[in-house]
Amino acid sequence: MHAPLVWPNSSLASSSSVRVHRLIQAERQRLVDENTHLRQELKERYDFSNIVGTSGPMRQVYEQVAQVARTNTTVLLRGESGTGKELIAHAIHYNSSRAKKPFIKVSCAALPHDLIESELFGYEKGAFTGAQTAKKGRFELAEGGTLFLDEIGELNLSTQVKLLRVLQEREFERLGSTETTRANIRLVAATNKDLEKAIAAGEFREDLFYRLNVFAIFVPPLRERRPDILLLADHFVEKFAREHGKKVKRISTPAIDMLASYHWPGNVRELANAIERATVVCDGQVLHAHHLPPTLQTAEASGTGQTASLSDALEAFEKDALQDALKSARGNRAKAARLLATTERIFNYRVRKYGIDWRRFKN
C-alpha cells in the first residue's frame, strides 16, 4: 500500500510568508532610517553656521552663502588653495532645496584632458576603444542635486565649449550618442586661478566665464582673517585629539603667538596639518611651541629675524611653563608652584621677574 499523501498546512505556509514579508519590510525601513540619519549627519556637518570663523571677511562669506543657497543660481567660488572652497560648496548644497539629492564633486585638475569629457557627460558602449559598456557621466549622477567642479580653470578649451552649452541649454549628449539628455543640476565651480588673466592669455573662454560668474564668492586667505586662527587651532586640537586618542586640551601662549605670527601660505589646510602633526607628537595635555612643525619655527618661514640668544630662549620657555601652571591652577599660585615641583617663594619671584599678571588666570 502506498502511504497517503500529506498536503502542507496552508495556514502554516501563510504564517511563514507573513513573517518573511515583515522581515523584508523591517529591513527596508531600517535602510530608509539609516539613509535619513546619514543625510541629516551630512547636513549638520556641512551647515555653513558650523564653519569656523567670526572675522569680518568670513561673516561676509556667511551672508553670501545664506543669500544664494536657496536659489538655483550658478556659483563661482574664488580663492587661494586651501581656503575651504569645497566646504563652502557643501554648505551651499546642504542648505538648498536640493539637499536630499546627490552632491557630486569633480576635480578638473585630477582628470586627464582626454578623459574629462567622458567623466562629465558619460559614454555609450563602443564610443571609443575600451568602452565595453555604457556609463553615466557626473552630470547624470548629479541629477536633481549639485555638481561641484573644483579647479575649473584647468578645463581644456574643447570641454569648456561643451560645458558652456550645458549651462546655456541645460542639455547634453553622452559620447557616442545622439540622444539628448536634460541636465537638472545646480552648478557650483571653484578656482584658485586668476581667470581674467587666463582669458587674456586665451586659456579660458570669456563667454563661459560670464556664465559661471553669476554669483561669485571670494573665500579669504587665512592671513586676511587672523582673528580666526586661534578659533581654528582650538577646533583642530579638539578634532585631532579625539581622532588620535590624545589628551591634548589646549595650546600654550608661546605656541599661540607662533601660530598668530606665521603667514600661512597654505591657508586653513596648512593650519590643520600643522595642528594634527603637533597633536600626534604631544604627550601631555598642553600643546607647546616645540610641538609645532619646524616650518613655523624658522625665521625664513615666519618672516622674523633670528635675534633670540640661548638665554632668551630659556627664559621664554620658563615663562611659558609659569603661565601654563597658572592656567591649570586657575590663578592659585601655591597650587601652580606644586605643579612645577617648586616652592611658592621661588614661583612668586619668577612671576614678578617676568611681569606675569597671575590675577588674569583666576577665571
Could you give the nm distance between label points at Glu196 and Thr54, where each point is 7 Å from its Cα heading toward the beta carbon?
3.4
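Once you list every other residue whose beta carbon is under 15 Å from the beta carbon of Ala200, what net charge do they have if Lys and Arg are +1 and Asp and Glu are -1?
Numbers: positive: Lys193, Lys197, Arg205; negative: Asp194, Glu196, Glu203, Glu206, Asp207.
Computed value for this residue: -2.
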Chain lengthening between Asn332 and Glu315 when straightened (0.36 nm per residue, less Cα-Cα):
3.9 nm
Once Leu157 and Ala131 are pulled to full extension, the length gained, defined as 0.36 nm per residue separation minus their Cα-Cα distance, is 7.0 nm
Count of Lys pairs (Cα-Cα under 15 Å; at least 8 positions apart or interchain) in segment 76-148
4
Karplus (6.51, -1.76, 1.60) ³J(HN,Hα), θ = phi - 60°, over segment 267-284, in Hz, Gly and Pro reported as x
6, 4, 4, 5, 4, 4, 5, 5, 6, 5, 4, 5, 5, 5, 7, 6, 10, x
With a sphere of radius 12 Å drawn around the Cβ of Leu232, what net charge do the other residues whose Cβ falls strictly inside it have (Lys, Arg +1; Asp, Glu -1)?
0
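Compute the Cα gyration tensor for segment 62-158, then decide on rounded, prolate or oblate, letting a ≥ b ≥ c be the square roots of its eigenvalues: rounded whenever a/c is under 1.5, prolate when a/b is larger than b/c in the other cases, and oblate in all that remain.
On the way: a/c = 3.10, a/b = 1.66, b/c = 1.87.
The shape class here is oblate.
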With all protein chains present, calculate the accessible area of Lys353 using a 1.4 Å probe and round the result to the nearest 10 Å².
100
Rolling a 1.4 angstrom probe over the protein chains, ignoring ligands and nucleic acids, what is the accessible area of Glu203 in square angstrom, nearest 10?
100
Lys and Arg at +1, Asp and Glu at -1: add these up for the other residues within a Cβ distance under 11 Å of Ala289 and post the number.
-2
Which lysines does Lys249 reach when only Cα atoms under 24 Å apart count, and residues fewer than 8 places away in its own chain are ignored?
Lys239, Lys319, Lys327, Lys335, Lys362
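The values are calculated or read from the model by the stated rules, or taken from the named source; none is laboratory data. Please read these numbers as outputs of a predicted model, since none were measured by experiment. Neighbour counts run over all protein chains shown; Cβ positions are idealised from the backbone, glycine included. Please note that ligands, DNA and RNA were not included when accessible areas were found on the heavy atoms of the full protein model with its side chains. Shrake-Rupley method; radii C 1.70, N 1.55, O 1.52, S 1.80 Å.
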